[in-house]
Amino acid sequence: MSKATPLLVGISGGIGAGKTLICKIFSLLSIPIFNADDRAKYLMVHHLPLKKLIIDNFGASAYFEDGQLNRQYLADIVFADPDKTALINSLVHPAVAEDFKSWALSQQTKYVLKEAALLFETGSYKALDYTVHVAASEKIRIERIKSRDPKRSVDQIKQIINKQLTDEEKNKLASYIVSNDESSLVIPQVLKIHSHLMEVQ
């Protein structure tokens, strides 16, 4: 009898929403978590076909002589140009999706989580069975980011927030919503989602 494939569940939230905290709670419930953003950084250096595509499209300066990614060079190009952002995403996201699929098949749990900052913006949520959106007000998110990164100005933070879909847009796309606004307890919300996913046939 072949082993059941785990349910593929995505989790996302805007910058400062507290996605990492919610993932830690799922992790305490023994749910494996694939951090798509960290894996993307790894694959951009170690996945040779992807590396070649990046060099072909962004030039040899995208990498240092030791083979490490020149993040600042790429960020300067991509942040200011929506077409370049779309281009780098079109190169990286298929490699990450393939990597996630292989990883998920090796897990022994009822479901796995794919943590990704731009899960909804890139459309990668469409390849998943369920999605969780971590929501918080813009005011709270700005306060959280300022406290952990005081050098960032409010304008810089708002620039990043404005490049992401609004909570209202993401709530419409999500299967589950966790409200992390400091007025609702998050653990009961996570336990309710966990319980439902464990019961899905």
**Prompt:** Do any residues in the stretch 186-201 that are more than 17 Å from LEU7 (Cβ to Cβ) and modelled with pLDDT of 95 or more have Cβ atoms under 9 Å from those of residues that are small (Gly, Ala, Ser) and open to solvent by 30 Å² or more (accessible area, probe 1.4 Å), where the two are at least six apart or on different chains, and which pairs are they?
**Reply:** VAL186/SER179; GLN189/SER179
**Asked** Checking ILE22 against (1) under 25 Å from LYS158 (Cβ atoms); (2) within 11 Å of the chain's Cα centre (by Cα); (3) outside any strand (DSSP E or B); (4) not acidic (Asp, Glu), which test does it fail?
**Response** (2)
**Prompt:** How many residues are touching a residue at least 60 places away in the same chain (Cβ under 8 Å) and polar (S, T, N, Q) if we restrict to the stretch 23-73?
**Reply:** 2
**Prompt:** Quick check: is even one residue across the stretch 70-80 touching a helix residue (DSSP H, G or I) at 6+ places or on another chain (Cβ under 9 Å), aliphatic (A, V, I, L, M), assigned to a helix (DSSP H, G or I) and closer than 27 Å to SER102 by Cα?
**Reply:** no
**Message:** Residue under question is LYS151, and the condition is that it be open to solvent by less than 40 Å² (accessible area, probe 1.4 Å) and either farther than 25 Å from SER184 by Cβ or not in a helix (DSSP H, G or I) (or both); does it hold?
**Reply:** no
**Asked** Considering only the stretch 25-62, how many residues are open to solvent by 20 Å² or more (accessible area, probe 1.4 Å) and in a strand (DSSP E or B)?
**Response** 2
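The values are calculated or read from the model by the stated rules, or taken from the named source; none is laboratory data. All values reported here derive from a predicted model rather than from experimental measurement. Cβ coordinates were reconstructed from backbone atoms using ideal geometry, including for glycine residues, and neighbour counts include every protein chain displayed. Surface areas here come from the heavy atoms of the whole protein model, side chains and all, with no ligands, DNA or RNA. Shrake-Rupley method; radii C 1.70, N 1.55, O 1.52, S 1.80 Å.
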